[in-house]
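The values are calculated or read from the model by the stated rules, or taken from the named source; none is laboratory data. Keep in mind the model is a prediction, meaning the values are calculated, not measured. All Cβ positions, glycine included, derive from the backbone under ideal geometry; neighbour counts span all protein chains shown. Surface accessibility is based on the protein's heavy atoms, side chains included, excluding ligands, DNA and RNA. Shrake-Rupley method; radii C 1.70, N 1.55, O 1.52, S 1.80 Å.
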Amino acid sequence: MATDSLSATRVLSDIELEQLLARQKLDRGMLGRLLPLMRPVCWAITGAVLLELAVVAASFARPWFVRVALDEGLLRSSEGAWVVHSQVIAWAVIGLLLAWAARFGLAGGSQYLAGMAAGRILNSLRVRVFAHVQSLSIGYFDRTKAGRIISRIDRDVDSLEPLIVQGPPELLSALLRCIVAAVLLWWLSPMLLAALVVLVPALLLASASFKRVSQRNHARVAENRARFTAHLVETVSGVRVLQQTAQEPRNRARYRVLLKDFADSLIRNHVTSGWFAPFAGLLTAVGTALLLVVGAREMALGRLTFGELAASLFYVQLFLGPLQELSDLFEKYTNGAASAQRIFLLLDTRPDIEDPVVPHPMPAVRGEVCFEQVVFRYDAQRSEPVLRGLSLEVKAGELLAIVGRTGHGKSTLVQLLTRFYEAQQGRVWLDGVDVRELAQATLRRHVGVVLQDNVLFSGSVKDNLQLARPGAPIEALISAAQDLGVHEVIERLPQGYLTQVGALGAHLSHGQRQLVCLVRAYLADPAVLILDEATSAVDVQTEQRIRVALRRLCAGRTAIIIAHRMATVRDADRIAVIERGQVIETGTHEALLARGGWYATLVASQASDGSAERSVELDGRAVLAAA
């Protein structure tokens, strides 16, 4: 209820909207959900951990060799002179070099295993997020910026690598070095360990404070990064509009503001979090000084040798060094945890529309469509209904044309029939079966849609046609294009059916894209075909070609055409006029003209104005009539 009232009083931020869609809070513990990601590669992570243990052993071998070289390689004789045992020193040096070599070699093996595990975990997670994004309902994409979704799959997933792959071995290594160094210092002299332990509470309190501040700052930095990434994606997608309207300076200024917000949050993060490393370094310096003072006293009392004191200097680094590394470990933890929270917020977002537990089987469809007292609004909480108790029947094999003003519900019927949205009241039937009882994939195999702005994917014309019939031979594609009279148009392309269409079909004209989409719909062979303004943005010659193709395309199937141009509408078996979300007229072209209502006025306006778009008066209202 608190979230609903919030959305009603002010515009939600992007992250608040994502929380509303997911019905979850962002700030949640993620450890329990991250552990299962590591299970498939636990063997590699275990190997990396074992190698890190060997690295720790090699690290502690170095001060032992230093102690041997000093205490056993340099001995004072009975006369008080120093005697150098070169063989002992040589073996100690060789052991020291081997310890260094083992450390580097083992560390390399650990990094290899960790990198391999990271690749598998992150790729698996990317596939999981990608598949989940594809399963979300269209309403989610209407309300969420594309750049934010891309940021989740790309940058946020990358940020998890240090947390779930590198983090466990490094944390275990740090703990072991600290514990073993503490034991060895105690073994050499309890006073040495006591000199360092007094510093630990201050370091732990500083670490806890750093973790709390750093996690909050990382969330703010990541959110600002997602905002300017989303703006960048929108700019690339809408660059033509920006250039046509000469809005580049204003858009650039907006991008600068977003970058400034990101930079400010990044600087604030460094300022509020950058104190930890110097503070830990100060404690290390203090600890070293204390150890030298205590160690010198222990030597004076004869309880510590010079070699042991030298080795203890290594141990103090191995004891306090891991505590210093907490800065980097907490940095990885907080950054990864913030990214994990956003990723799982996306994964927790459920589709608005889901398949029934036991879908109704429908191997064949006749094509009878019925809208029964349908009420629908895009925002169920606030907006006015787009459809207001609309009822409309379409017989199997009938060609129905739907006309009406923009924004009065024509295209919404397509969204409801294909179940991209669901009506709040009423029902939509296909062959007497409520579409909510059908699996979405089954429903959309039987209902094909050709829109005004169809999408072609990067690849060739052939690749795009095979989306409707995977693996179809080129002969089948050519035959379908010939049936629709489109083959000559495709053949005139630079490489014919192998022509690369470019991103979103940018290498083809709008008319060429529409013709390819018609062939694709024909190959899919749906029982119900919907053409939503499919001819409204093409030239007259292309429209004539499409009209010829439509007769063949609509033969033997139910067809619903949403259009403004009378040349397309007049050939329909029946015409339905929609006004304010309701059907106000139905009948043939001739019958509606004879009635002298809304449709007749629209035809008259187009006849007097050719193919231009103009506004006419009808019952005191301005009606936009597009040819």
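In terms of its C-alpha gyration tensor, segment 94-156 comes out prolate, because a/c is 1.5 or above and the ratio a/b outweighs b/c. Accessible surface computed residue by residue for segment 429-488, with neighbouring protein chains in place and a 1.4 Å probe, gives 45 Å² per residue.
Packing around the peptides 168-180, 218-230, taken as the average count of other Cβ atoms within 10 Å per residue, puts them in this order, highest first: 218-230, 168-180. Return the long-range amide H neighbours of Ile561 (sequence gap of 5 or more, or a different chain), with a cut-off of under 5 Å between placed amide H atoms. The list, which skips near neighbours in sequence, is Leu400, Ala401, Ile402, Leu531. For segment 390-402, 3J(HN,Hα) computed residue by residue from phi via the Karplus equation (6.51, -1.76, 1.60; θ = phi - 60°) reads 6, 10, 7, 10, 10, 6, 4, x, 7, 9, 10, 9, 10 Hz, glycine and proline entered as x. Ranked by the mean number of other Cβ atoms within 10 Å per residue, highest first, peptides 454-461, 353-360, 112-119 order as 112-119, 454-461, 353-360. For segment 390-505, the Cβ-based charge dipole about the Cα centre amounts to some 280 debye (Lys, Arg positive; Asp, Glu negative; other atoms uncharged). Close amide H partners of His360, meaning residues 5 or more places away or on another chain with modelled amide H under 5 Å apart, are Leu438, Ala439. Is segment 301-412 best put as rounded, prolate or oblate by its Cα gyration tensor, with a ≥ b ≥ c the root eigenvalues, rounded for a/c under 1.5, and otherwise prolate when a/b is larger than b/c, oblate when not? The shape class here is prolate.
What the phi angles of segment 358-370 give under the Karplus curve with 6.51, -1.76 and 1.60, with θ = phi - 60°, is a coupling list of 10, x, 6, x, 8, x, 9, 10, 7, x, 7, 10, 9 Hz, glycine and proline written as x.
Based on the mean of other Cβ atoms within 10 Å per residue, sort peptides 390-403, 583-596 so the most packed one is first.
My ranking of the peptides, most packed first, is 390-403, 583-596.
Distances between placed amide hydrogens fall under 5 Å for Gln425 paired with Val375, all partners being 5 or more residues away or on another chain.
Under the rule a/c < 1.5 gives rounded, and otherwise a/b versus b/c splits prolate from oblate, where does segment 96-227 land using the Cα gyration tensor?
oblate
Each residue of segment 125-138 was assigned a 3J(HN,Hα) from its phi angle through the Karplus curve 6.51 cos²θ - 1.76 cosθ + 1.60 (θ = phi - 60°); the sequence is 5, 4, 4, 5, 5, 4, 5, 5, 4, 5, 7, 5, 6, 4 Hz, with glycine and proline shown as x. Derived from the Cα gyration tensor, the three semi-axes of the equivalent ellipsoid of segment 359-451 are 22, 16, 12 Å, largest first.
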